[in-house]
Amino acid sequence: MATIRKRGNSYQIRVSCGYDTNGNHKEQAMTWKPEKGMTERQIQKELNRIAVNFEEACSHGYKATAVKFQDFAEEWFNEYARFSLRSTTYERMKQLTKRVYPAIGHLRMDKITARQLQGFINSLAKEGANEKTGKPLAPKTIRHHLSFISDIFGFAAKMDVVSDNPCSKVTIPQGEVKEKQIYSQEEIALLLSKINDEPTKYRAFFFLVAYSGFRRSEMLGLEWKDVDFENNVISINRTSNYTAERGIYTDTTKTKRSKRVLKISPYIMDILKKLKAEQEEEAFRLGDKWIESDRLFVKWDGSPMNNQTPYGWLKEFCEKNEMPFYGIHSFRHFAASALISAGLDVVTVSGALGHCDSGTTLNIYSHMFQTAQARVAQAMDGAFSFIPQDDAD
C-alpha cells in the first residue's frame, strides 16, 4: 500500500518494496506536484490514481533513479542505437540532440512530465525555431524530435528507469501543411527533353528515376548485375548512403519490401546500354586509375557517386534552363502520381515504390487516390449519361 505525505505544495508517494538480503527495508519514492487551479477533489482523485500506478510500477521492478536525460540518451546511443539503427538514422538522431539536450537534457528521467515535453514540442512549431529561415520547423522535423525522445523513454521503461513513456500523451501541433511539389506531366516532358542533350550518366539517372520512382539511395546503389537487358528489368538490392562519420557506404534497402524488381521502358534501357559502353571505354582509358565498383552512377574514376551530386547537378541545370526545381524526391512523387492516375490499386503502387506496407502509401498519397477515384466516378457518370435524370432514382 502506498503512503502519501504532503510536503508544502507537493506530495511524496512512498511504496514498500520488501527487504534486501541483509534484512534492510527497501522503498521507492516519487514526488508529485498538482497543477495550479486544481480543486481539492481533483487533487485527491489524481493523487490516488498516480499512487496506484506508481505502486503497480514498483511491483513490476521499476527503480527510480537520478539519471538525467542526456546521460541516459548517450547510454542509449552507445548500447543500442549504434548497433541497431541504420547509419543515416543514427546520424539524424545525433543531430536532433542539438535542440533536445539544451531543453531537457539536464532533467531527471523520472521527473520529466508530458507537460514539459509538450512545451518543448510546441516551441519547435513557433516562429524562429528554424534558425536558418526564421520560420517554424517542418511538421516532419518536429515529429522526428518527438520520436527520438520517445525512443529514449521506451528504452528507459525496458530498463526499469521509468515506469511509463510520457511521450504517449504529447501531440504535435498542426502547422501549415505544404502541398508536395510534384512535376506535372508537361514539366517532366520538357525537363527530360532538355536533359536528353546532357551527359549520358545524367540522362540515364533522371529518365530512370522519373520512370521508376526509385529512391535516390536506391538509384546510387544500383550495380550492373542488377540490370537485366534481355528482359528489360532492374532489381533493387541495396542502397548507397553517406554520413560524415562513414563517408559513402553501401547498406541494405530501407525495408524488406524495398527489395523489388521493376520492368523498365526499352528506351531507358537503351540509354543504360550506352552508359555501360561509355564506362567500359573510360575504364580502359584510365587503366589502373579506374576503380571497379560495378555501380551504374559513378565519379570520374569509377568509384560510387556522392549522394549530393544528382541534387546539385539538377539544381544548377534547372536554374540554367529557367525551370522549376523541386528536388530529387519529387521524381518519386511524380512516378507515384503517374501510377495512381493510371488507375493502379494501392497494393500495386505500394509494391512498385517499395513501401513497407500499403498503409504507408495510402497515408502519403491519399489525396491522389481520392482524386483518381473521383475521376472514375465522373467517367462512369459520363458513360451513363443516356439515363434520364428522373429515372436515376
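The values are calculated or read from the model by the stated rules, or taken from the named source; none is laboratory data. Fair warning: this is a prediction, and the values are worked out from it, not measured in the lab. With ideal geometry, Cβ positions are generated from the backbone for all residues, glycine too; neighbour counts draw on all protein chains shown.
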### Task
Please go through the range 15-38 and pick out each residue that is modelled with pLDDT under 80 and part of a loop (DSSP other than H, G, I, E, B).
Asp20, Thr21, Asn22, Gly23, Asn24
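How many residues, within the range 311-325, are in a loop (DSSP other than H, G, I, E, B) and of a type outside the set (A, V, I, L, M)?
The initial filter retains those residues of the range 311-325 that are in a loop (DSSP other than H, G, I, E, B), namely 321-325.
Checking which are of a type outside the set (A, V, I, L, M) leaves us with 321-322, 324-325.
Adding up the residues that qualify gives 4.
Being touching a strand residue (DSSP E or B) at 6+ places or on another chain (Cβ under 6 Å) and among the charged types (D, E, K, R), is that true of even one residue in the range 177-194? I'd like the intermediate steps shown before the answer.
We begin by selecting, within the range 177-194, every residue touching a strand residue (DSSP E or B) at 6+ places or on another chain (Cβ under 6 Å); these are none.
Scanning the range 177-194, I find no residue that is touching a strand residue (DSSP E or B) at 6+ places or on another chain (Cβ under 6 Å) and among the charged types (D, E, K, R), so the answer is no.
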### Odd one out for Asn306 among (1) in a helix (DSSP H, G or I); (2) in contact (Cβ under 8 Å) with a residue 60 or more places away in the chain
(1)
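Test Leu220 against the criterion of being touching a residue at least 40 places away in the same chain (Cβ under 8 Å), part of a helix (DSSP H, G or I) and over 18 Å from the mean Cα position of the chain (by Cα), and give yes or no.
Details: touching a residue at least 40 places away in the same chain (Cβ under 8 Å): yes; part of a helix (DSSP H, G or I): yes; over 18 Å from the mean Cα position of the chain (by Cα): yes.
The answer is yes for Leu220.
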### Query
Do we have Glu127 as among the acidic types (Asp, Glu), in contact (Cβ under 8 Å) with a residue 12 or more places away in the chain and more than 30 Å from Ile13 (Cβ to Cβ) here?
no
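Which of the residues belonging to the range 340-386 are at pLDDT below 70 and either under 27 Å from Asn237 (Cα atoms) or in a helix (DSSP H, G or I) (or both)?
Result: Ala372, Gln373, Ala374, Arg375, Val376, Ala377, Gln378, Ala379, Met380, Asp381, Gly382, Ala383.
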### Query
Out of Ala283, Ala336, which single residue is assigned to a helix (DSSP H, G or I) and at pLDDT 95 or above?
Ala283
### Query
How many of the residues making up the range 284-330 are acidic (Asp, Glu) and within 16 Å of Arg203 (Cα to Cα)?
1
### Task
Looking only at the range 124-179, count how many residues are in a helix (DSSP H, G or I), at pLDDT below 90 and among the acidic types (Asp, Glu).
0
### Counted residues, the range 198-237 - those being under 15 Å from Lys299 (Cβ atoms) and of a type in the set (Lys, Arg)
1
### Where Ala81 falls short, out of the listed (1) modelled with pLDDT of 90 or more; (2) of a type outside the set (Val, Ile, Thr); (3) under 17 Å from Pro166 (Cα atoms)
(3)
